[in-house]
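The values are calculated or read from the model by the stated rules, or taken from the named source; none is laboratory data. For clarity, every value in this text was computed on a predicted model and none was experimentally measured. With ideal geometry, Cβ positions are generated from the backbone for all residues, glycine too; neighbour counts draw on all protein chains shown.
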Amino acid sequence: MNMLHIDRITMNPDICHGKPCIRNMRWPVEVILDLLGSKMTIPEILEDHPELEKEDIVACINYARLLISGTIVKTAA
């Protein structure tokens, strides 16, 4: 799973009410998916938000894909 970068997705009850986030930052996975759904490209997201890395966005996409497939995904705290 390391190539999927899932280890970048964390769930911490003290950050964004425990929603899955990127690297314990206040960037919920759902926000990244919303940006992609609004037709922003990965380079545009990274340009607007330099604290993010390409691997963070890839992790969000892969996390969502695994959840939809019914795979149990363990995240870091």
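Does Glu55 meet the test of being charged (D, E, K, R), assigned to a helix (DSSP H, G or I) and without any contact (Cβ under 8 Å) to a residue 24 or more places away in the chain? No: the conditions fail for Glu55. Checking every residue in region 58-68 against the condition of being surrounded by 11 or more Cβ atoms within 10 Å (Cβ to Cβ), modelled with pLDDT of 95 or more and over 12 Å from the mean Cα position of the chain (by Cα) gives zero matches. Checked against (1) modelled with pLDDT under 95; (2) in a helix (DSSP H, G or I), Val73 meets all criteria but (2). Within region 33-49, being of a type outside the set (D, E, K, R) and in a helix (DSSP H, G or I) holds for Leu33, Leu35, Leu36, Gly37, Ile42, Pro43, Ile45, Leu46.
Within region 36-77, being farther than 14 Å from Arg23 by Cα, among the β-branched types (Val, Ile, Thr) and touching a helix residue (DSSP H, G or I) at 6+ places or on another chain (Cβ under 6 Å) holds for Ile42, Ile45, Val73.
Quick check, is Lys19 more than 10 Å from the chain's Cα centre (by Cα), at positive phi, surrounded by fewer than 17 Cβ atoms within 10 Å (Cβ to Cβ) and modelled with pLDDT of 95 or more?
Numbers: more than 10 Å from the chain's Cα centre (by Cα): yes; at positive phi: no; surrounded by fewer than 17 Cβ atoms within 10 Å (Cβ to Cβ): yes; modelled with pLDDT of 95 or more: yes.
No.
Considering only region 1-31, how many residues are part of a loop (DSSP other than H, G, I, E, B), of a type in the set (A, V, I, L, M) and either touching a residue at least 60 places away in the same chain (Cβ under 8 Å) or over 20 Å from His49 (Cα atoms) (or both)? Looking only at that region, the number is 2.
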